[in-house]
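The values are calculated or read from the model by the stated rules, or taken from the named source; none is laboratory data. Every value quoted in this text rests on a predicted model; they were computed, and no experiment measured them. A quick note on method: Cβ atoms are made from the backbone with ideal geometry, for glycine too, and the neighbour counts reach across all protein chains shown. What goes into the accessible areas is simple: the full protein's heavy atoms, side chains included, and nothing from ligands, DNA or RNA. Shrake-Rupley method; radii C 1.70, N 1.55, O 1.52, S 1.80 Å.
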Amino acid sequence: MQKILIVDDEEKIRKIIREYLEFEGFLCYEANDGFMAIEMCKNNTYDLIVLDIMMPKIDGFTVAKEIRKKSNVPIIMLSARSEEYDKLYGFDLGIDDYVTKPFSPKELVARIKANLKRNKFIEEKIKFLGLEIDTLGHNVYVDDKKITLTNKEYELLLYLIKNKN
């Protein structure tokens, strides 16, 4: 069962998204602010995150930046802000999709499914010579020693391994 983290300060929106996703067979987790989302991402892995931009204390852009430091999980931004600047800034941060409020829950579910299909890894662990890549935990090991990579380095390594020759 795929795990989705829904991050929004509005309980009604979280509830609507959760109901539609659970009906489709997803396992849903909720965070009502950015700090909670960051903490949840430190301790758990998710298959996708639906992230609101305008939240009190810490905005969704900052949350996305923090998540991207450690994870390549697909992120769909959800926002009442429909300005081109906001969308472009989100894409520069590495988000995968952007949905403006008000939104159709059915369309959001379709976008979630499309993003999960694009980002699905068939193998949980990829081994190549002395290299091991844990695609679920986004960890890389060389000769059984964990090495630290930036998100770009990780993405490039994974791309090269999956596209041999």
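From the list LYS70, LYS106, pick out the single residue that is open to solvent by 30 Å² or more (accessible area, probe 1.4 Å), touching a Phe, Trp or Tyr at 6+ places or on another chain (Cβ under 9 Å), under 28 Å from LEU21 (Cα atoms) and touching a residue at least 60 places away in the same chain (Cβ under 8 Å).
When all the criteria are applied, what remains is LYS106.
If you go through the stretch 149-165, how many residues are in contact with a strand residue (DSSP E or B) (Cβ under 8 Å, 6 or more places away or on another chain) and in a loop (DSSP other than H, G, I, E, B)?
So the answer is 1.
Within the group TYR46, TYR29, which residue is in contact with a strand residue (DSSP E or B) (Cβ under 6 Å, 6 or more places away or on another chain) and open to solvent by 30 Å² or more (accessible area, probe 1.4 Å)?
TYR29
How many of the residues in the stretch 1-23 are open to solvent by 20 Å² or more (accessible area, probe 1.4 Å), touching a helix residue (DSSP H, G or I) at 6+ places or on another chain (Cβ under 6 Å) and assigned to a loop (DSSP other than H, G, I, E, B)?
Residues that pass the stated criteria total 0.
When TYR85 is evaluated against the numbered criteria (1) surrounded by 12 or more Cβ atoms within 10 Å (Cβ to Cβ); (2) closer than 18 Å to ALA64 by Cα, which criterion, by number, is the only one it fails?
Tallying (1) surrounded by 12 or more Cβ atoms within 10 Å (Cβ to Cβ); (2) closer than 18 Å to ALA64 by Cα, TYR85 fails exactly one: (1).
Checking GLU132 against (1) open to solvent by 30 Å² or more (accessible area, probe 1.4 Å); (2) over 26 Å from ASP33 (Cβ atoms); (3) in a helix (DSSP H, G or I), which single condition isn't satisfied?
For GLU132, the failing item is (3).
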